[in-house]
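See structure below.
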Amino acid sequence: MKITRVETHVCNARMRNWIFVKVITDQPGLWGWGEATLEWHTRSVVGAIEDVSQLIVGEDPRRIEHLWQMMNRQHFWHGNNVVRGTAISGIDIALWDILGKIHNLPSHELFGGRVRDFIRLYSHLGGGKMEDFYQTKPDDAKRFAELALQSVAEGFSAFKSMAVPVTDTLEGLKPIHYAEACVAAMREAVGVDIDIMVDCHARPSPRMGMQFAKALEPYGLYFFEEPCWPEHMTDIARIQESVTTPIATGERLTSIHAFRDMLSLRAASVIQPDIVHCGGLTAALKIRAMAEAYGVSIAPHNPQGPVSTAASLEFGFATPNYIICETVHNDVPWREEVVQEGFSINKSNRTIIPSSKPGLGIEINEDIIKKHPFEQELPQRVFYKDGAVGDW
């Protein structure tokens, strides 16, 4: 059995272009689907997939660890940057899909078998609609409350918000009070039985991140995400030590070594590997073992397309320290037309029960993809009040 070619299929979904990876074998009808979506780097990733695929075409798709080692370590440069790491991830996910189809087993059975009966989902405010999540007016706490109630009405018992505004490296009380007002409004609206997450998007400096974390501590957040950039991991560890709120981070880490370093610093209670960026399912399995040894929970970063979601769920059903799965469902109205999913969702409480279909349990509709060809992603530019460049 041999890999004959690797294809990329690009599908524009407004804020991002989904990059679907199809690994095709010499066995009739046997192929696997992966995803390698990376916002604002679509052309780079498609090119990287073409480059990396030269290492695996002609090889046996069942030798996943061997192929992962080749993709990660050959061609001189290791696969620990986001473009090459994303390319490797897309191919690796597709290889696991193929292996499940060969053995007629869902992927989670290949990862050690099912450890839970269902997985809870959490939403973004607005369900993934970009304007609601990223562009809610910075003085409108009432709007945060309305969107929180909308999430609960849709069945979610947990949701994530972008309640921390764009913040200069050092500011006074105004942004702190704004974030506190937004979170207070959401908590008052949904009560104590709903879990609220706040994503800083690594906007603050380490010192401002600390101030936000302490100001929001009384509201019992499920977790407080990316209080500053991962380049400041020691500072994230200090924030984790200073508050009772669980700190979450890791979506921008693209190697098992980076997760090792983060865990050794005890910088987070929740790590968020993005299976589409960190090296695929093969890397995620290595990361989960390290996290379990430190008693750290896993909640994968997953705002991308439907293959990423399927991979995150299959990973979750076999991962003991997995707590919840990020999901978007309202980013584009035709999302469900792109994919046939094997798992079942209970929309009354937004939980997923396992798929019994082989591999990732999905099939992609290539005709629908063709209706939404590549378009340049919508730009997201941020500047501080004085015109200096800020973090989005």
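Brief remarks follow.
- Cα-based shape type of region 11-83, given that a ≥ b ≥ c are square roots of the gyration tensor eigenvalues and the cut on a/c is 1.5: oblate
- Degrees, to the nearest 10: 82-103 long Cα axis against longest axis of the chain: 50 degrees
- For region 186-299, size of Cβ-based charge dipole, Lys and Arg +1, Asp and Glu -1, in debye: 300 debye
- Think of each Lys and Arg Cβ as +1 and each Asp and Glu Cβ as -1; about the Cα centre, that makes the dipole of region 275-387 roughly 280 debye.
- Here the simple spin-label model places points 7 Å from the Cα toward Cβ, and for residue 77 and residue 154 these points are separated by 3.7 nm.
- Cα gyration tensor category, rounded, prolate or oblate, for the chain with a/c compared to 1.5: prolate
- Helix-only mean residue ellipticity at 222 nm for the chain, each DSSP H run of n ≥ 4 adding -39500 (n - 2.57), per residue, nearest 500: -11500 deg cm²/dmol
- Axis angle, to the nearest 10 degrees, between helix 141-153 and the longest C-alpha principal axis of the chain: 40 degrees.
- Where a label projected 7 Å from the Cα of residue 367 along Cα→Cβ would reach, residues of region 331-348 with amide N under 14 Å: 337-340
- Accessible surface of residue 350 - all protein chains present, 1.4 Å probe, nearest 10 Å²: 30 Å²
- Computed over neighbours whose Cβ is under 15 Å from that of residue 56, the net charge equals -2, Lys and Arg +1, Asp and Glu -1.
- Region 1-60 and region 223-246: distance between their alpha carbon centers, rounded to Å: 35 Å
- Taking label points 7 Å from Cα along the Cα-to-Cβ direction, residue 260 and residue 293 give a separation of 0.9 nm.
- For a paramagnetic label modelled on residue 234 (point 7 Å from Cα along Cα→Cβ), amide N atoms under 18 Å away belong, within region 170-212, to 205-210.
- With Cα atoms defining each centre, region 340-392 and region 251-272 are spaced 24 Å apart in the structure.
- Exceeding the 20 Å Cα-Cα cut-off - candidates 160/370; 2/370; 22/357; 2/101: 160/370; 2/370
- Annotation: peptides 226-238, 275-287, ranked by per-residue average of other Cβ atoms within 10 Å with the highest first, follow the order 275-287, 226-238.
- Here the dipole of the chain is about 340 debye; that uses its Cα centre as origin and unit charges on the Cβ of Lys and Arg (positive) and Asp and Glu (negative).
- Gain upon complete extension [residue 381, residue 54; 0.36 nm per residue less C-alpha separation]: 114.1 nm
- Principal-axis tilt of helix 206-216 within the chain, Cα atoms, nearest 10 degrees: 70 degrees
- Annotation for residue 40 and residue 4: the two label points, set 7 Å from Cα along the Cα-Cβ direction, are 4.0 nm apart.
The values are calculated or read from the model by the stated rules, or taken from the named source; none is laboratory data. Predicted, not measured: the structure shown is a model, and the values here were computed from it. All Cβ positions, even for glycine, are placed from backbone atoms using ideal geometry, and neighbour counts span all protein chains on display. Note: accessible area is taken over every heavy atom of the protein model, side chains too, but ligands, DNA and RNA are not part of it. Shrake-Rupley method; radii C 1.70, N 1.55, O 1.52, S 1.80 Å.
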